[in-house]
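J.: Before we start, here is the structure in question, set down as structure tokens.
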Amino acid sequence: MTKTALVVGASGIAGSATASLLTEQGWNVLGLARRPVDQAGVTPVAADLQDPAATQAALAGARPDAVFFTTWSRQATEAENIRVNAAMVRTVLDAVRPAESVAHVALVTGLKHYLGPFESYGRGTLPQTPFREDQARLDIDNFYYAQEDEVFAAAARDGFAWSVHRPHTIIGKAVGNAMNMGTTLAAYATLCRETGRPFHFPGSQAQWDGLTDMTSARQLARHLLWATTTPAAANEAFNVVNGDVFRWNWMWGRIAGWFGIDAAPFDGSVLPLEVQMKDDGPVWRALAARQGLVEPDLARLASPWHTDADLGRPIEVMTDMGKSRRLGFTAYEPTDDAFFDLFAQLRAERLIP
């Protein structure tokens, strides 16, 4: 019997990759988003998760076997992040509860589980890297913990299995996404090439020299499907990264080379993209008009604040995948390939020249 998946946040980086993989694997896919986008094989469901009644109505009659929760809503404070994002998880799980069809719920969170929320991101006393899933929660309010607790409570009530997936920074395509390093770096490199500005690494010495890893959206999608269909992975939290490690002092030159520019020497100075790109909106709009690009609004492509947060960390950050490997997940994707595939896709779809 064909299974049905509900992908919450289907228009985002993780959600769109997950929906695509599930359709390839023969699932019926319901793609829930506030503003759904067309995606082959995906049935769009429009709902605002901050409106429980509307979400209930939108999902009336839906009978998903699995729910993949891949979205969040950024708020001004962590207290608001907790209130809003916990409620969004609760709203979805309450909406699908009457059908009594859900066997598994997969929740995507991330490394803020270990690093803390944006209000205290990468500061204070931090766990030793590589991060491992059995490390205790930080003694600090964190909306990821609140999201997990909603899933755990609903699972205890309704009897479904769950999995939690903690990717590092995700590489993938989604226009209008709030956390999008790959497309941000593509837009930045394009602007540097077009204006003749130097392609400066914006982050810290620790990130420049230290080891790190990342997660392609395709790798995350494979991991979500694996956990959902592998009994031994039920009721577990997992890190999920590509499987390689690198240093930005190597990757930066690789990215520069793809765009046909030189990487500027790094002298240890932090040069945030939010500052470097603050006046680039009109420059991008003119470039888009001249080159026939489909998205003239730079703010819908680039999220400098998030890339600055990742590349400005004062410690090296990487994760351990041993738990997944022991249970049979062996997929791997080189991170430079993930970047290059994304850049090629952005160019093919006329999002960058």
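J.: Using only the alpha carbons of the chain, what is the convex hull's orientation-averaged projected area in square nanometres?
T.: Its Cα hull, projected and averaged over all orientations, spans 16.9 nm².
J.: Rolling a 1.4 angstrom probe over the protein heavy atoms, how many square angstrom per residue are accessible across the chain? Before the final figure, lay out the partial values.
T.: On the way: 14470 Å² over 353 residues.
Result: 41 Å² per residue.
J.: Mind checking which of Met277, Met318, Met181 has the largest fluctuation in a GNM of the chain, springs on alpha carbons under 10 Å?
T.: Met277
J.: Further question: Placing +1 at every Lys and Arg Cβ and -1 at every Asp and Glu Cβ, with all other atoms neutral, what dipole size does the chain have around its Cα centre, in debye to the nearest 20?
T.: Dipole of the chain, to the nearest 20 debye: 500 debye.
J.: Accessible area of Asp297, 1.4 Å probe, to the nearest 10 Å²?
T.: Number for this one is 50 Å².
J.: Taking one equal scatterer on every alpha-carbon of segment 216-353, how large is log10 of I(q)/I(0) by Debye at q = 0.11, 0.13, 0.19, 0.21 1/Å?
T.: The Cα Debye sum returns log10 ratios of -0.57, -0.77, -1.27, -1.38.
J.: Rounded if a/c is under 1.5, else prolate if a/b beats b/c, else oblate: with a ≥ b ≥ c from the C-alpha gyration tensor eigenvalues square-rooted, which is segment 290-329?
T.: In terms of gyration-tensor shape, oblate.
J.: Just to check, using Stokes-Einstein with a Kirkwood Rh over alpha carbon pairs, what's the diffusion coefficient of segment 210-290 at 20 °C and 1.002 mPa s in µm²/s? Walk me through the numbers on the way to the answer.
T.: Details: Rh = 16.7 Å.
Estimated diffusion coefficient is 128 µm²/s.
J.: Heavy-atom accessible area of Asp94 with all protein chains present, probe 1.4 Å, nearest 10 Å²?
T.: For Asp94, the solvent-accessible surface is approximately 60 Å².
J.: Tell me, what are the semi-axes, in whole angstrom and largest first, of the equivalent ellipsoid of segment 45-103 as set by the roots of 5 times the Cα gyration tensor eigenvalues?
T.: Its equivalent ellipsoid spans semi-axes of 22, 12, 9 Å.
J.: If you find the alpha carbon centre of segment 53-95 and of segment 281-347, how far apart are they in angstrom?
T.: Comparing the Cα centres of segment 53-95 and segment 281-347, I get a distance of 25 Å.
J.: Another one. Based solely on its DSSP helices, what 222 nm [θ] is calculated for the chain when runs of n ≥ 4 H residues each add -39,500 (n - 2.57) and the sum is averaged over all residues, nearest 500 deg cm²/dmol?
T.: Taking each H run of at least 4 residues, the total per residue is -12000 deg cm²/dmol.
J.: So, one more: Count neighbours as other Cβ atoms within 10 Å of each site's Cβ, and list the trypsin sites (Lys or Arg not before Pro) in segment 68-176 that are DSSP loop with at most 13 such neighbours.
T.: Arg123, Arg137
J.: Right, something else. Which is farthest toward the positive dipole end of segment 1-148 among Ala76, Ser11, Tyr144, measuring Cα position about the Cα centre, with Cβ charges +1 (Lys, Arg) and -1 (Asp, Glu)?
T.: Highest projection toward the positive end goes to Ser11.
J.: Still on this model: Protein chains only, probe 1.4 Å: how do Asp51, Asp308 rank by accessible area, largest first? It would help to have the intermediate numbers written out before the result.
T.: Working: Asp51 65, Asp308 30 Å².
Descending accessible area places them as Asp51, Asp308.
J.: Name the trypsin sites (Lys or Arg not before Pro) in segment 240-278 that are in a loop by DSSP and that have at most 13 other C-beta atoms within 10 Å, would you?
T.: Lys278
J.: So for segment 174-221, considering every pair of alpha-carbon atoms, how many percent are separated by more than 12 Å?
T.: 74
J.: Given segment 47-193 reduced to its alpha-carbon atoms as identical point scatterers, what log10 I(q)/I(0) does the Debye formula return at q = 0.08, 0.19, 0.21, 0.22 Å⁻¹?
T.: Normalising to I(0) and taking log10 leaves -0.27, -1.23, -1.37, -1.42.
J.: How large, in percent, is the carbon and sulfur part of the accessible surface of segment 63-181 at a probe radius of 1.4 Å?
T.: Looking at segment 63-181 in its full context, I get 45 percent from C and S.
The values are calculated or read from the model by the stated rules, or taken from the named source; none is laboratory data. Everything numeric here is computed off the predicted structure, so don't read it as measured data. Note that each Cβ is placed from the backbone with ideal geometry, even for glycine, and that neighbours are counted across all protein chains shown. Note: accessible area is taken over every heavy atom of the protein model, side chains too, but ligands, DNA and RNA are not part of it. Shrake-Rupley method; radii C 1.70, N 1.55, O 1.52, S 1.80 Å.
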